[in-house]
Amino acid sequence: MWALLGLALLSAPAAVWAHAFPDHSEPRVGHTVDAPRSVRVWFDGEIEPVFSTIHVEDGDKRRVDSGDPRVDPKDNTLLEVSVPALPPGRYRVFWSVVARDGHRTEGSFPFRIK
Ligand SMILES: [Cu+2]
């Protein structure tokens, strides 16, 4: 009985926190930057490469990324997509990921190119 309870307590935090949320990104959320080569989002846990995706839209909601969303094979918390040389303006990054616990989280954030 006590052994089972201990196991439940130990595993509870992992279950609660296993779904993935962004930790930080490049460009950073809401920042104005020089034209980047790629957009990268780091999550607070590992994400599933097959079910995780990211794209970038310009101010007119046109997709502007290079269409190569990927999870870094050496770092399963990093989701990235290449972007061509983009002109100054407002952009928005859309991400959707599945964590190791099978839960999907998704969201978006803006940045600007000067
Ligand atoms: Cu979860």
Can you tell me, using C-alpha contacts under 8 Å and at least 6 residues apart, the relative contact order of the chain as a whole percent?
31
Antiparallel content of DSSP bridges confined to the chain, in %, to 5:
95
To test your reading of the geometry: what angle, between 0 and 90 degrees and rounded to tens, separates the Cα axis of helix 2-17 from the longest principal axis of the chain?
10
Of 50, 93, 41, which is the most mobile in a GNM of the chain whose springs link Cα atoms less than 10 angstrom apart?
50
Points 7 angstrom from Cα along the Cβ direction at residue 100 and residue 66: gap in nanometres?
3.0
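As a test of reading the structure, rank 21, 43, 51, 94 by solvent-accessible area (1.4 Å probe, protein chains only), most first.
Solvent-accessible surface, decreasing: 51, 21, 94, 43.
The values are calculated or read from the model by the stated rules, or taken from the named source; none is laboratory data. From a predicted model like this one, the values you see are computed outputs, not experimental measurements. Note that we place each Cβ from the backbone using ideal geometry, even for glycine, and neighbour counts take in every protein chain shown. With ligands, DNA and RNA removed, areas are computed over all heavy atoms of the protein, side chains included. Shrake-Rupley method; radii C 1.70, N 1.55, O 1.52, S 1.80 Å.
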